[in-house]
Every structure is written in C-alpha cells, then in structure tokens.
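The values are calculated or read from the model by the stated rules, or taken from the named source; none is laboratory data. Keep in mind it's a predicted model, so treat the numbers as computed, not measured. Here Cβ is always computed from backbone atoms with ideal geometry, including for glycine, and neighbour counts include all displayed protein chains. Surface areas here come from the heavy atoms of the whole protein model, side chains and all, with no ligands, DNA or RNA. Shrake-Rupley method; radii C 1.70, N 1.55, O 1.52, S 1.80 Å.
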Amino acid sequence: MWTPGRDSTGLVNEVSWETVPKGRWIEVAGTPITDLDAAVKAALPGYRDLGSQGISGVINAYSGIALDAPNARWWAFGGGHADSSNNGLYRFDMSKMRWSIEQLPDNSANWAGVTWGNTYSTYPPASAYAAANPTSDVYSDEFFDPDRPAASTGNPTARHTYNGLVYNADLQEVAFGVRRMWRYSLTTRKWTRHTPFNTPGAKYDGVTGYGGAAGWTFWDEVKKQYLFGPTENYSYSRWWSFDTDDQAWKWETVTPAVWFFAQVVRVDRKLMSFPAPDASHDTFPPRMLSYDMDTGVWGRLDLTSTLVLSRCYNEYFEGQVLAYVPPLKKYIAAFRYDGDGDGSYEYRTFIIDPEALTLKEAPEYEAGGFGGWHDLIKNRFFYLATHNALVLVRRGEENLRVFRLP
C-alpha cells in the first residue's frame, strides 16, 4: 500500500512517487470510485442509486474506461441493467491520484412514479414514446420524458460500456457506441446523441452489428471518424464508422469469428488483440489478431508457447486483458489458465513478443495485481508512459493498482 504525498495544490509530489517500489504491484490508498458516493448524494438531494451495486457498478458492471494516456487520466461511465442506475461521468487523474465528478448523474428523485423493469439501461417513458412515435429520433437509451420535465435531460441512461468508451483528444470529448453513439463534450459539458445510419427504431442485430453492445470504440484522427466494433459473441459481425466532418455512417469490415471479449489495444495505426486460447472456439494454438486502420484488413500472428491445451479455460469468461509496453516492445496479457494443473484456472500473466512470435509465462506481473482471477476487467489494464507503469483499475470498491517498471 502506498499513500500518496501531495503538495498544497493537491498534486502528488515527485518525492512521494519515487518512494513507490519498482517491479511489483502496489495499491494506491484512497482510490476507490466508491469514495465519491457521498459527494454525489450531497450534490443531488434525494438521490439514490436504484441498482444493486451502487456507484461501484459504474466500474464493475461490464464497463471499461476512456484513457487519455498522454495526460495520465481516464473517465468512467457505466452501470446499467440491474447493477446501477448511475449515469454520471467520472474522471481519475494520476497527477492527483484521485477520482472526481466530471458530470453528475441524473437525479433519481426526478423519476417519481416511473415503473422500471429489470434494467436501468432503458428509461420506460422514453421507450413508450419511441414505440408510439416510431419515426421520431427518441430511443429508449435516453432520459426523454414528456410528463416529467425535470427528468427529461436528454442524457444517456446508464449502461454496460464494455470496451466501448474512448477519449477523443482532437475534439475534447468522451464517446461510446453502445446501442446508439453518444459523445460528451468536455468543453460544453453536454451529451450529444447520434442514431446509427439515421434510422430511428432500428434494432440491434448480432449479424450486422448495428448499434450493438459489448464492443469497442476507437477514434481515427486521420480519417476523422469513430470506428465501432459492436459484438464479442464469436459470430461474424460488421464494424461501422461515423465521420465527424460530414456526419456520414458507413459499414466497415467484418470481425473474425474468434474474437471474444478480448481487450483491444491500439499500436500506431493497428488495433491488436489476443483472444484467450481455447480449443472449443479454434483459438489454440494461441494467436494475435490485428486490424489495419488504413486498409481495413485483418491479420493474424500465430504464436509459439508451452501452453497445455487441457489447461486452457474453455468456458464463458470476460476478463482477458492486454497491454502494450513500448519500452519493452512487447505485450503483457492476462487470462485464465490452469498453470499448476490443479484445476483452479488462476488469472495468469504472459509476455507476448510480436517479433519472435512467442507467448511466455511472466509470473512477475501477477502477484498483487491479479492473483486468483477477476472477471469483467475489460480495458482497465494499460501502460502509462508518463509514469513508466502498468495500471490496473480492478474494481470500483478497490484501490487502484500500479506496477512501476524497473
């Protein structure tokens, strides 16, 4: 455990950071997102989270973060379904080692009389209006309410963001493409929604990938467009893009069928991923998948390893993660594997060398950071050059974990 030392402005001082040991995971004291719960309730009289997890669900409920690596900060927006009705946007700054409120959630006190179903990702009055007015651009994933003006904020409902939350440095906004596309301006502090292909009332289709959940969002600063990969369900699914200059929608490439809940990292102009090794879905022997953002072509890197097929986990699991470490020119991956042969399938860490095309166990990155296994981490594992450290945002009620590289 490391307790950050701060200067009079609240910034972590360099002397304190230098006391953090290298070569192992440490916890940063006072960094759970749950510490913001009191501040949210103080700012919104009458507010309560209707979900089962409360504000921790913003992180834990199948959600990732939007990373601004050059400035060592990130945003969280999540919750959804039965886990959390909190649709606030929250920021973590490594310079302060603290969470803060970017935008408060909608106040549940304004929803009096609304009969919710089994999900807080769909606002019932908006659903009813969309059904009665199928040609309108109102959809169930927003707070639209003709009968409750205070509730009709136009903000997006809470939802699982999976790996689909992204920071856009060019436009200074946070965006995601889960269900519809939503963009939050960090300058105007307002949300803007876009209905994919401008077709109100269209439904999600796992074959085409239209408006899907459980996917990825990336910003292409060359083409000035958002790129969305909507599904993670072992099926072939089309990606789609949105051009911020001409507001045009376009179908893109088709995702390889072996893609399943694997974290995607961007390295220069390529998107790289490592599907968990699994015989039942044809991802063994292990391999990496690549997507060229310029050509739209998928590639594959077959890897040699000492993995034993019978020890690879072949059941449903949404926790395999991947980070690229430029100083090492290697990737660090974590996924469930029975390394001891005792049937426990711990969360194991590995090094991937993209030049030598090898996958090797790297237990030095495991203890204290992963240990055992943890589901639903999504894209909350990454490298920060500003601190020469790996970062793991494991759970909302837990401290941040950092690993300073030697």
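What to note about this one:
- Residues that are in contact with a strand residue (DSSP E or B) (Cβ under 6 Å, 6 or more places away or on another chain) and open to solvent by 10 Å² or more (accessible area, probe 1.4 Å) within segment 76-96 comprise R91, D93, listed in sequence order.
- The condition of being modelled with pLDDT under 90, open to solvent by less than 30 Å² (accessible area, probe 1.4 Å), within 20 Å of the chain's Cα centre (by Cα) and under 28 Å from T386 (Cβ atoms) holds for only one of F370, F317, F335, F274, that being F370.
- None of W99, W2 is open to solvent by 30 Å² or more (accessible area, probe 1.4 Å), in contact with an Asp or Glu (Cβ under 8 Å, 6 or more places away or on another chain), closer than 28 Å to N388 by Cβ and at pLDDT 95 or above except W99.
- Applying a threshold of 8 Å to beta carbon distances and a minimum spacing of six or more residues, or different chains, the list of pairs starting in segment 344-359 at a residue that is under 17 Å from F370 (Cβ atoms) and assigned to a strand (DSSP E or B) and ending at one that is open to solvent by 30 Å² or more (accessible area, probe 1.4 Å) and of a type in the set (F, W, Y) reads E346/W373; Y347/W373.
- Between G215, G201, the distinction of being surrounded by 16 or more Cβ atoms within 10 Å (Cβ to Cβ) and modelled with pLDDT under 95 belongs to G215 only.
- Matching residues in segment 360-406 - criterion: being over 23 Å from I59 (Cβ atoms) and either part of a loop (DSSP other than H, G, I, E, B) or free of Cβ contacts under 8 Å to residues at least 60 places away in the same chain (or both): K360, E361, A362, P363, A385, N388, L405, P406
- Output for segment 38-58, where each listed residue is open to solvent by less than 50 Å² (accessible area, probe 1.4 Å) and not in a helix (DSSP H, G or I): L44, Y47, D49, L50, G51
- Filtering segment 279-306 to residues that are out of contact with any Asp or Glu (no Cβ under 9 Å at 6 or more places or on another chain), under 19 Å from E361 (Cα atoms) and crowded, with 18+ Cβ neighbours inside 10 Å leaves only T283.
- Among the residues examined, T9 qualifies as farther than 23 Å from G368 by Cα, hydroxyl-bearing (S, T, Y) and out of contact with any Pro (no Cβ under 9 Å at 6 or more places or on another chain).
- Boolean, Y324 is surrounded by fewer than 20 Cβ atoms within 10 Å (Cβ to Cβ), out of contact with any Ser or Thr (no Cβ under 8 Å at 6 or more places or on another chain), at pLDDT 95 or above and over 25 Å from A61 (Cβ atoms): yes
Rundown of residues vs (1) open to solvent by 30 Å² or more (accessible area, probe 1.4 Å); (2) more than 16 Å from A323 (Cβ to Cβ), yes/no style:
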site: L357; (1), (2): yes, yes
site: E364; (1), (2): yes, no
site: H387; (1), (2): yes, no
site: L390; (1), (2): no, no
site: R401; (1), (2): no, no
